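Notes follow once the structure below has been shown.
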Amino acid sequence: SKHCVNLDNRTANVTVKPFELDMGFQFELHVTVSGKKINVSEIPELLIPREWMRDKLELNFYKTEQAAGGGEIENVTYRKESGTAVITFLKPG
C-alpha cells in the first residue's frame, strides 16, 4: 500500500487507500457539428462536479478520433445551467 513515486527529479512517498466509486451512468447527447466546433445540448444534470463533466466531454470527443471524427481538443466550454457545451478542436475536420 506504500509506494515511492519519482516525478520531475523529486521523490514522493504515497499511500494507496481504497475508495468507492459511484455507480456508472449513461446519457444521450444531441450534437451539432461545424468545421472546428461541436455544439452539444441536452446534457443531463448529474450530481458530479462541473469540472468532471467537462473532462468527460473532452475525453469522449478526443477518443472518437479513431472512430469517425473527433481529435485533439483545444477547448471545452461547459454550461451546467443550460446543459450545453461547445467543444473546439485544434484542427477542422
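Readers should treat all values here as calculations from the given coordinates under stated rules, not as data from a laboratory. On a predicted model such as this, the values are computed, not experimentally measured, just so you know. Cβ atoms come from the backbone with ideal geometry, glycine included; neighbour counts cover every protein chain shown.
Structural remarks
- Among the listed pairs LYS2/LYS80; LYS2/LYS91; LYS17/LYS37; LYS17/LYS56, those beyond 32 Å (Cα-Cα): LYS2/LYS80; LYS2/LYS91; LYS17/LYS37
- Per-peptide average of other Cβ atoms within 10 Å, ordering 43-56, 74-87, 4-17 highest first: 74-87, 43-56, 4-17
- Two-site FRET efficiency, ARG10 against VAL86, from Cβ-Cβ distance with R₀ of 35 Å, rounded to 0.05: 0.40
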